[in-house]
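Structure first, then comments.
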Amino acid sequence: MSEVQKKKYSDKEKNNIFDNEFMPHIDSMYNFAFRLTFDEDDAKDLVQDTYLKAYRFINSFEQGTNAKAWLFRILKNSFINEYRKKSKQPSKVDYQEVETYYNSDNVDYNITSDLRVDAVKDMLGDEISNALNSLAVDFRTVIILCDLEGFTYEEMAKILDIPIGTVRSRLHRARNLLKDKLHSYAKDMGYDADED
């Protein structure tokens, strides 16, 4: 096995790579992070963490290669690590906030709004967004990477660290699940949804 050659970049080269190869992808990174976390603040934190790690480990990046795929892989790994960490922690409740809410006059008032719905309602349409968001994270991720971000199967395999055959089968299953979820919506919109 060949080891990844780590190049020692000067500070000027590091800043040049960061500014010219990494920063142009910040919007795509945020969109991907938001679709994984469904939370604006968590998505921003995830992107910030990704860029921090990218700069910290910039010597393992080979200049001229696909920076977007490299960044997406860091983001995906950070998301998985954070998800695992959170899933092992018990749920936390701020009892002071609960007590304050129930002692207030507005107990029946719905004070929270779903930011996920507000943020993506004009982008894909409610039905499509809801169907996509209801998919398991593995299926949602391949749809986002392929159909929304335009990555090739090879790039997706590298980002997700899975074989290309798994990428293809997961994408096929994800599209079929999405098709099933959107069947009645397609009929309502006048499409022949019974056609294969």
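The values are calculated or read from the model by the stated rules, or taken from the named source; none is laboratory data. What you see is a predicted model, and the numbers here were worked out from it, not measured in a lab. Glycine gets a Cβ as well: all are built from the backbone with ideal geometry, and neighbour counts include every protein chain shown. Ligands, DNA and RNA are excluded from the accessible area calculation, which covers all protein heavy atoms including side chains. Shrake-Rupley method; radii C 1.70, N 1.55, O 1.52, S 1.80 Å.
Strictly over 28 Å apart at the Cα level, which of Lys53/Lys158; Lys158/Lys187; Lys8/Lys85; Lys7/Lys53; Lys158/Lys179 would you flag in this model? Over 28 Å Cα-Cα: Lys158/Lys187; Lys8/Lys85. Placing Tyr83, Tyr153 in order of accessible area, with the largest value first and a 1.4 Å probe, yields Tyr83, Tyr153.
For Lys88, the lysines whose Cα comes closer than 22 Å to its Cα, not counting residues fewer than 8 places off in the same chain, are Lys76. Magnitude of the charge dipole for the stretch 1-81, about its Cα centre and with charges confined to Cβ atoms of Lys, Arg (+1) and Asp, Glu (-1), is about 400 debye. Per-residue accessible area (protein heavy atoms, 1.4 Å probe) orders Thr141, Thr100 as Thr100, Thr141, starting from the largest. Between Ser169 and Asp19, the contour length at 0.36 nm per residue exceeds the Cα-Cα span by 50.4 nm. Counting only heavy atoms of the protein chains and using a 1.4 Å probe, Asp39 has close to 50 Å² of accessible surface.
Placing Glu97, Glu127, Glu21 in order of accessible area, with the largest value first and a 1.4 Å probe, yields Glu97, Glu127, Glu21.
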